[in-house]
Every structure is written in structure tokens, then in C-alpha cells.
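Working notes, beginning with the structure itself.
Just so it is clear, none of the values below were taken in a lab; they were calculated from the coordinates. Predicted, not measured: the structure shown is a model, and the values here were computed from it. Cβ sites come from the backbone with ideal geometry, for glycine too, and all protein chains shown count toward neighbours.
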Amino acid sequence: MFGLTPFERKGYDIFNPFDDFEKEFFGNRMMPMHRPEQEFRTDIQESDKDYVLEADLPGFKKEDISIDISEDLLTISAKHEEKKEEKNEDGKFIRKERYSGMYSRSFGIAGIDSDNISAEYNDGVLKVTMPKMAVSKEKRRLEIK
């Protein structure tokens, strides 16, 4: 169900000491603009009848989270925006800051009954239940041509 994610061994290369600096600053060549801090943590459990994905999304409201299903891909996205303003007694701004962040992860869902996927969000944890497709165990004979 869940495809393999490319990875790259992390190690110090004595012959190219700036390589690690480049990866940290510009991102991994295999996964452009990939930064671990832009991902959320997930746990996936499998049973005989379904997969259960739990994603840690603390600080988000349910309205900030979206789940999109397109063919054999399930994408979870969460967007957070926050504004802080500090004014003095005259009502003039001393400080005004805006924070925003977008988190997104996609999972292959081949073999999943996508019409019956369900999700719930409680205490900062998104739980997505994905039932497996029924496998036909009917015996049949294949004609040889």
C-alpha cells in the first residue's frame, strides 16, 4: 500500500566537506525543498481489514486540515496562520508579526476502498481509517490460447 520513499545515507564526506552544508542550506537533491520540519509525524497500523493512519497535528483546528483523495493518492494538508499585534497606549504598533505554515504529506492508497475512508480529529491527532479492498478468493480456471 504505502510506497517506498527515497532516502539518502547521511555521513560526513572528508573529500567534500561543503556537501553537507549545501544539503542543509539548499535541501536534498533527491527530494527538492524537502525539510523534515515541514512534515508531521505519522504512525500507520495494519489489521486484516484496514489501515489506520494517525498524524500528529497539534495546534491545528479541524477547519485547518484537509484530506484529498485523487486516484491512488491520499494527501493530508494542514495550514496554520497566526497574527500577533502589540500596540502602545496611543494605539500605534510597536510590533506586528505574522506566522504561517503549510504542512502536507501524501500516501499511496492502492488496494484501499477509497469510498469508505473515514477520518476524525481529537486532541491534536488526526486518525484516518482506510478499509482494504475485498480480495476475491473465488477459484477460476484460466483458458490457455
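Kindly write out, for the range 49-59 in residue order, the coupling ³J(HN,Hα) from the Karplus curve 6.51 cos²θ - 1.76 cosθ + 1.60 (θ = phi - 60°), rounded to whole Hz, with x marking Gly and Pro.
10, 7, 10, 10, 9, 10, 10, 7, 9, x, x
With the cut-off at 22 Å, tell me which of the pairs Lys83/Lys127; Lys61/Lys87; Lys84/Lys127; Lys62/Lys87; Lys79/Lys127; Lys61/Lys84 have Cα atoms farther apart than that. Before the final figure, lay out the partial values.
Details: Lys83/Lys127 28 Å; Lys61/Lys87 27 Å; Lys84/Lys127 31 Å; Lys62/Lys87 31 Å; Lys79/Lys127 17 Å; Lys61/Lys84 18 Å.
Exceeds cut-off: Lys83/Lys127; Lys61/Lys87; Lys84/Lys127; Lys62/Lys87.
Just going by the charge dipole of the range 39-131, with Lys and Arg at +1 and Asp and Glu at -1 on Cβ, which of Ile44, Leu74, Gly91 is farthest out on the positive end?
So the residue we want is Gly91.
Which listed residue (Ala55, Asn116, Ile65) has the Cα farthest towards the positive end of the charge dipole for the range 39-131, taking +1 on Lys and Arg C-beta and -1 on Asp and Glu C-beta about the Cα centre?
The residue sitting most towards the positive pole is Ile65.
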